[in-house]
């Protein structure tokens, strides 16, 4: 089995999805990465060759099982029914302060239907073929087989606090994953010889602190490595007023966005329940501030890796990551608008931005003149002008262009360099954490500093959520 960690960089590392945009032998800047992940669903002859090549370059290589796309497909089939039920529950709770037995019965029935759908989906899969596509790239790490039910329930909103969900109710699904993992290790699905050469990650699914603690605590045998799915928590668009920490409930003075709070609570549940230095892989976290925040939670693990498609998705939808003022995701047009108003061109030290700027230089003063922007122009007016005058944006500040189809040199490079810029911000956060992760006091001071920076420039509610998540992480993380 591959030893973990292999290198110091494995102590805390962000992993990019493997593609020609992230690992191109003809474009060496794409190789400014430390690790790659390839889903079995996208494994073909070209990707296999590319995977073997990056591994020879000593990049960390992880093979994913492709299950999150399957989970989303199942959730989509139930999201309308689940959404209607959740809306009814919230309305009833607001009006009466409690839910009727009919609501709970409808939820129980729907959970049963979803659990059956998840089991049927797994039963129809050729698990041996999935594992074969995973091991063919000869990865260092491999994400193991898993039960889909808990993430699907989260995606459908059926684990909302209004339902007062109980950790015991999802224990069977966590046990199903453990059973699949053990059967995979025993070679029941084939590929035993190849599996023995890689580290296998047991996937732990949970929806809050208690369920995460339960999932970690029930592991009578510590696995080779543990993967934690944040796909459900990070998909949340809900707002909450409290969090459950075992037998304690933390009430918030105001309603706050759930995603960062529930992700932090879930991570703490795993850490407190596990009490081990087992390597951790975090599935689906691409938020700069959250990557910083969870660093102090996983400081006991001897290796931590994180993957997310967010750097590419955010690049394509017009979001830039920043670290100068705080660890932020920023709306690209608003960043450009403030640069124009303040007459201060946008700059970045990432190698991807520098390269793009050199080959496709910007002319902020010319754009400012053409749009008639002054120091007193309202920022929203400038944003609207940038959105409507993409011809001028592409001409004068091409790095801020709206992503479009086409294979012209500028847009091809934009796909690589803007996503690369976002990746580099996350990579640098990981490098900073690597240096401090074994020094709890320094790590806590650094994180407190990052929270204070975030509060100065972030939106009010999200800043409060980040601050609260940090405070709760200090309060509830158990010493080891």
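Every number here is computed from the coordinates shown, using simple stated rules; none is lab data. Since we're looking at a predicted model, the values are computed, not measured. Don't worry about glycine lacking a Cβ; one is built from the backbone with ideal geometry, like all the others, and counts go over all protein chains shown.
Things worth noting here:
- Cα-derived Rg over Rh, computed across the range 60-308 with Rh taken as Kirkwood radius: 0.97
- Relative compactness, the chain, computed as alpha-carbon Rg over 2.2 N^0.38 Å: 1.00
- Where Rh is the Kirkwood radius over Cα pairs, Rg/Rh for the range 372-480: 1.12
- Modelled label positions at residue 183 and residue 349, each set 7 Å beyond Cα in the direction of Cβ, lie 5.2 nm from each other.
- Percentage, to the nearest whole number, of Cα pairs in the range 57-152 over 22 Å apart: 47
- DSSP beta bridges confined to the chain are antiparallel in about 30 percent of cases.
- Each of 308, 362 was scored by other Cβ atoms within 10 Å of its Cβ. Arranged with the fewest first, they read 362, 308.
- Simple label model, 7 Å out from Cα along Cβ direction - residue 90 to residue 387, nm: 2.4
- Cα centroid of the range 153-230 to Cα centroid of the range 260-274, whole Å: 14
- Residues of the range 185-212 with amide N under 12 Å of a point placed 7 Å along Cα→Cβ from residue 125: 203
- Of interest is the spacing of the C-alpha centroids, which for the range 418-442 and the range 292-369 amounts to 14 Å.
- Under the criterion of Cα pairs below 8 Å and six or more residues apart, the relative contact order for the range 60-308 equals 17 percent.
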